[in-house]
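To keep things clear, I will list the structure first and then write my remarks on it.
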Amino acid sequence: MTGKERFAKALRREKIEGHVPHFELVFFLTMEVLGKVHPSHRFYEQWNQMSHTEKKLQMEDMADCYIKIAEKYHHDAIFVHPNPWDLENVKWLLETIREKTGDQYFLLMHGDTTCGIPDGESMMEFTTQMYEEPEKILEQQKSWQENAFKTANALSKTGLLDGFALCSDYSFNVNPFFSPDIFGELIAPNLKETIDTYRKLGFYSIKHTDGNINPILDQIVACGPDALHSIDPQGGMSLTEVRQKYGDKICTIGNVNCGLLQTGTDEEAAADVRRTLKEGMANGYGYIFSTSNCVYTGLDLKRYEMMNQIWREEGIYR
């Protein structure tokens, strides 16, 4: 069974044998592992000045970067971050990965069309709009949706892409940025329409958000994503509780505590990895192993490799 097949079966909450599927939203430590800058960190201001030969070499190198990380750490999926982002180059990168790997990996791209927590510079303006001019937020999301659907339609039935990761963050560690009422009015309708449209076009959807999402989790699940990513322990999220309540509706992904990977002792980090595997694999289906965020810039590579090794030795359905 290929990684793509294993990953898709987990998203459909079907029982599988062997290793529980594993991937990461992003693996930024490519310079340390491969001696290559991560594709997201590359700056291609002069892309259109390049010859076709140079562009092809760049595409090949970006594809190899994703593939070699997936091969080294036995990932079942690759979250591709196209660079540049225009449709022609998106398709070129996906085609290059497929040419090199066939259907070995489940390929994902960004595809969220909802607003997340605003940055500090726009926080006041956005918050005011939520209450005084909500139509502006709805219009912005509709614009994002139209662009996303154009891309999804162009990629549908090509065999290049399997799904979208919807990565707008909705919550802080304590509570959601959006109240349940505001979320239901401004965010959930767009989220559901996006997920429904992707599904009609043949794509899976994984909804990512960090933080404590318990007050809005019913609404997120009702929007119908195939999976929920993060289940952030630093936000007080319990993998066991989420799976007990929603495991018949949604696949769960993640929950390894990034805080402990970053600052805990080796023993604390290892114990948390084992806890996550035990809780996630309890029912024998519908779980994908990963950190509760990503392998981010600044994470100690040795900690991720410890986590990966434990998964290889113990993350097996028996």
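List of remarks:
- Cross-chain or 6+ apart pairs with Cβ under 8 Å, the stretch 271-292 first and free of Cβ contacts under 8 Å to residues at least 40 places away in the same chain and farther than 23 Å from Ser171 by Cα, then buried (at least 17 other Cβ atoms within 10 Å of the Cβ) and not aromatic (Phe, Trp, Tyr): Val273/Val256; Val273/Met307; Val273/Ile310
- Across the stretch 9-21, the qualifying residues are those that are within 21 Å of Gln244 (Cα to Cα) and surrounded by 15 or more Cβ atoms within 10 Å (Cβ to Cβ), and the one among them that is modelled with the lowest pLDDT is Ile16.
- Meets criteria (in contact (Cβ under 8 Å) with a residue 40 or more places away in the chain, hydroxyl-bearing (Ser, Thr, Tyr) and out of contact with any His (no Cβ under 9 Å at 6 or more places or on another chain)) for Thr263: no
- Selection from the stretch 231-271 of residues that are within 18 Å of Gly315 (Cβ to Cβ), surrounded by fewer than 17 Cβ atoms within 10 Å (Cβ to Cβ) and not β-branched (Val, Ile, Thr): Ala271
- Within the stretch 88-135, if we keep just the residues that are aliphatic (A, V, I, L, M), assigned to a helix (DSSP H, G or I) and surrounded by 13 or more Cβ atoms within 10 Å (Cβ to Cβ), the residue that is farthest from the chain's Cα centre (by Cα) turns out to be Met130.
- Exactly one residue out of Asn173, Asn147 is closer than 25 Å to Tyr287 by Cα and surrounded by fewer than 21 Cβ atoms within 10 Å (Cβ to Cβ), and it is Asn173.
- Among residues of the stretch 272-300 being under 18 Å from Leu228 (Cα atoms) and hydroxyl-bearing (Ser, Thr, Tyr), the one that is most open to solvent (accessible area, probe 1.4 Å) is Tyr285.
- Of all the residues in the stretch 301-318, those that are surrounded by 17 or more Cβ atoms within 10 Å (Cβ to Cβ), of a type outside the set (A, V, I, L, M, F, W, C) and in contact with a Leu (Cβ under 9 Å, 6 or more places away or on another chain) number 3.
- Hits in the stretch 179-207 - residues which are open to solvent by less than 20 Å² (accessible area, probe 1.4 Å) and in contact (Cβ under 8 Å) with a residue 40 or more places away in the chain: Ile182, Leu186, Ile187, Asn190, Leu191, Thr194, Tyr198, Phe203, Ser205, Ile206, Lys207
The values are calculated or read from the model by the stated rules, or taken from the named source; none is laboratory data. Nothing here was measured: the structure is a model prediction, and the numbers come from that model. Note: ideal-geometry Cβ built from the backbone for every residue, glycine included; neighbour counts use all protein chains shown. Heavy atoms of the whole protein, side chains included, go into the accessibility calculation; ligands, DNA and RNA do not. Shrake-Rupley method; radii C 1.70, N 1.55, O 1.52, S 1.80 Å.
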